[in-house]
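For reference, the structure discussed in these notes is given below.
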């Protein structure tokens with residue numbers, strides 16, 4: 001399998017994402033996979049195109065919408081690995097409930113408290129977008 005691993009860092013950068021990527025590559029290669037890495041920060045658009053066209057599957061390590069749309073336009077499957085907590089939920093443990101009830105609980109959880117400063121109340125609207 002040809003696997004393209006995407007990230008948004010420079011080669012000389014110290015980043016946990018790069019540490020993660022370079023630690024999984026040897027094991028993936030021992031299992032017979034061909035691996036290429038690409039930086040959406042550093043590499044040019046033409047390289048994006050050629051590497052995406054080459055790959056069977058793309059492992060994304062950031063949420064670059066343009067890159068993801070390009071992968072989908074070229075018919076590639078994408079696996080996205082988020083390296084940070086971007087979504088907080090009230091549902092730590094599974095509770096059986098309808099979709100409407102779950103949505104209502106999530107929205108209520110995201111509402112700012114009455115004593116929050118205005119900037120945090122506005123942040124709630126940004127999260128919903």
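In the range 55-69, how many are crowded, with 17+ Cβ neighbours inside 10 Å and more than 20 Å from residue 18 (Cα to Cα)?
Summing the residues that are crowded, with 17+ Cβ neighbours inside 10 Å and more than 20 Å from residue 18 (Cα to Cα) in the range 55-69 gives 0.
Go over the candidates 24, 52 one by one and state the one that is buried (at least 17 other Cβ atoms within 10 Å of the Cβ) and closer than 19 Å to residue 79 by Cβ.
52
Could you grab me the full set of residues in the range 31-49 that are within 15 Å of the chain's Cα centre (by Cα) and surrounded by fewer than 16 Cβ atoms within 10 Å (Cβ to Cβ)?
41
Yes/no per residue for (1) touching a strand residue (DSSP E or B) at 6+ places or on another chain (Cβ under 8 Å); (2) in a loop (DSSP other than H, G, I, E, B):
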site	(1), (2)
5	yes, no
14	no, yes
43	no, yes
67	yes, no
71	yes, no
75	no, yes
96	no, yes
109	no, no
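Determine if the range 88-101 includes at least one residue that is modelled with pLDDT under 90, within 23 Å of residue 15 (Cα to Cα) and surrounded by fewer than 13 Cβ atoms within 10 Å (Cβ to Cβ).
Scanning the range 88-101, I find no residue that is modelled with pLDDT under 90, within 23 Å of residue 15 (Cα to Cα) and surrounded by fewer than 13 Cβ atoms within 10 Å (Cβ to Cβ), so the answer is no.
The values are calculated or read from the model by the stated rules, or taken from the named source; none is laboratory data. Computed from a predicted structure; not experimentally measured. Counting neighbours? That spans all protein chains shown, and the Cβs are built from the backbone with ideal geometry, glycine included.
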